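Rule-based calculations on the coordinates, nothing more; no lab input. Because the structure is a prediction, the values reported are computed rather than measured. Because the Cβ atoms are built from the backbone with ideal geometry, glycine has one as well, and the counts that use them run over all protein chains shown.
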Amino acid sequence: MQSASSSDTARVAKSPQWVRQTFNREALTGWLFILPAFIGFAVFYLIPAIRAVSISFTDWNLLRAPTPVGLDNYKALLADGNFWHALSVTGLYVLYNIPIQTILGLLLAVLMDRLVRSVLVRAVIILPYLLSSVVVALIFLWFLNPILGYFNAFLEALGLHRQAFFGSPDQALATVAGVNIWKYMGFTALLFYAGLQSIPRPLYEAASIDGASEWNMFWRITLPLLRPVTVFVLVTSVIGSFQIFDTVAVATGGGPAYATRVIVWYIYENAFQFFKMGYASAMSVVLFIILIIFTLLQMRLLRANQSDLA
C-alpha cells in the first residue's frame with residue numbers, strides 16, 4: 001500500500017504544471033462552486049450562441065425546417081443598406097452615450113469621495129440602475145410627452161417651444177441616449193468610487209506636500225491609477241450600448257423615420273416580424289465579431305494587462 005501511494009505521488013509530481021494546478025483539491029473546490037453559474041451560462045448563452053452560428057447558414061422562417069444556404073446570408077448583409085444604416089445609428093448612439101456617461105460617472109465618484117461618503121447618497125445614486133429599463137422608458141415617455149409631459153410644460157413656462165423628443169427624427173436618438181445615461185450613470189459612478197477607494201491616500205498626501213494642486217493630482221494620480229476600472233467601465237458600457245434594445249422597443253419602435261432603428265432592433269425585426277431567422281442570426285454573428293474587435297482594441301489601447309499602481 002505504501003509503495004502504491006508513493007508511486008501515485010511521484011506520478012502526480014511528474015505531471016505537467018497545468019494538470020497539477022487544475023486538478024488539485026483547491027481547484028476542484030473552486031470548480032464546484034462555479035459549476036451552477038457555468039451550467040446557467042452554457043444553457044442560456046453558450047449553446048444558443050453556437051446554435052445561432054449554425055442557423056446563420058440557413059434560410060429558416062420558423063415554420064418549416066431550415067434550408068442550408070451557405071454564405072448567402074452574409075453576402076446579403078454586404079448589399080443591405082438597412083443593415084449599414086442600423087449599424088451607423090448604433091455607432092452614433094454609442095458616441096452619444098459612452099463619453100457623457102463615463103465623464104458624469106467619474107465626476108460623481110470624485111465628488112462622493114471628496115465631499116460625502118454617505119451610504120444614503122450612494123443608495124440614491126444607484127436607484128435608477130435598479131429600476132427596470134422598461135419602467136424607465138415608460139416614465140420618460142410620459143415625462144417628455146409633447147402635450148401632457150411635465151418637462152414640456154416647464155419649457156413652455158420658461159417661454160420656450162415644446163419639443164417632440166421621442167417623436168422627432170432629429171432628437172429621438174439623443175433622447176434615448178439621455179434616458180440610458182440617467183439610468184446607468186449611478187452604476188458607473190459606484191464602479192469608479194470603488195476604484196478610488198483602492199488608491200493609497202499617502203500618494204495624495206505626498207503630492208499635496210510637494211505643492212501639487214487638486215487638478216494636477218487628478219490627472220497624474222487619480223486617472224492613471226483608475227485605469228483598470230476605466231477599462232472595465234468602457235468595455236462593458238460599449239458592449240451594452242451596442243446591444244441597446246428595450247428603450248427603443250418601448251419608446252420609439254425604431255422610429256420616427258428609422259432614426260432609432262439600432263442594430264439589435266433590426267435583428268429583432270428580421271427574426272420575429274419578417275421571419276428571417278437565418279438572416280437575423282447572421283447579423284447577430286457579425287455584431288458579436290464587431291464587439292470582440294472593439295473589446296480587444298480597447299484593452300490593447302488602454303493597456304488592460306498593466307497596472308500603474310504596481
Query raised in the report: How do 206-215, 280-289, 68-77 rank on mean C-beta neighbours within 10 Å, highest first?
Result: 280-289, 68-77, 206-215
**Report entry** Whole-number percent relative contact order across the chain, with pairs defined as alpha carbons under 8 Å at least 6 apart
**Finding:** 26
Query raised in the report: What FRET efficiency, computed as 1/(1 + (r/R0)^6) with R0 = 51 Å and r the Cβ-Cβ distance, is obtained for S168 and S54, rounded to the nearest 0.05?
Result: 0.80
Query raised in the report: Rounded to the nearest 0.05, what FRET efficiency is calculated for F44 and W215 with R0 set to 51 Å and r the Cβ-Cβ distance?
Result: 0.65
Report summary line: Along the stretch 249-255, Karplus-curve 3J(HN,Hα) (6.51, -1.76, 1.60; θ = phi - 60°) to the nearest Hz, with x for Gly and Pro, reads 4, 7, 8, 10, x, x, x
Query raised in the report: Roughly speaking, what is the stretch gain from H161 to T29, that is 0.36 nm per residue apart minus the C-alpha to C-alpha distance, in nm to one decimal?
Result: 41.1 nm
Query raised in the report: Ranked from highest to lowest mean number of other Cβ atoms within 10 Å per residue, what is the order of the peptides 270-276, 100-106?
Result: 100-106, 270-276
Query raised in the report: Once the mean 1/r over all distinct Cα pairs of the stretch 108-168 is inverted, what Kirkwood radius in angstroms do you read off?
Result: 13.9
Query - Inter-probe distance in nm under a simple model that places probes 7 Å from Cα toward Cβ, at L302 and V124 - result: 2.9
Query raised in the report: T58's amide H: which non-local residues (gap 5+, or another chain) put their own amide H closer than 5 Å, with H modeled 1.01 Å from N in plane and none for Pro or chain starts?
Result: V69
Report task. Compute the length gained on full extension between N61 and F143: take 0.36 nm times their separation in residues and subtract their Cα-Cα distance, giving the result in nm to one decimal. Result -> 25.6 nm
**Report entry** Net lengthening on full extension, Y150/A37 (0.36 nm per residue, minus Cα-Cα)
**Finding:** 36.3 nm
Report summary line: In this structure, the FRET efficiency calculated for L131 and T236 from their beta-carbon separation, with R0 = 22 Å, to the nearest 0.05, is 0.75
Query raised in the report: Regarding the stretch 181-310, what whole-number volume in Å³ per residue does the convex hull of its Cα atoms give?
Result: 132
**Report entry** Structure-derived Rg and Dmax of the Cα atoms in Å: which label, when the choices are [x] 22.7, 95; [y] 21.3, 69; [z] 25.3, 94
**Finding:** [z]
Query raised in the report: Which number comes out as Rg/Rh for the stretch 185-235 once both Rg and the Kirkwood Rh are worked out on C-alpha atoms?
Result: 1.02
Query - Phi-based couplings in Hz for the stretch 278-290 (Karplus 6.51, -1.76, 1.60; Gly and Pro marked x) - result: x, 5, 5, 5, 4, 5, 5, 5, 5, 4, 4, 5, 4
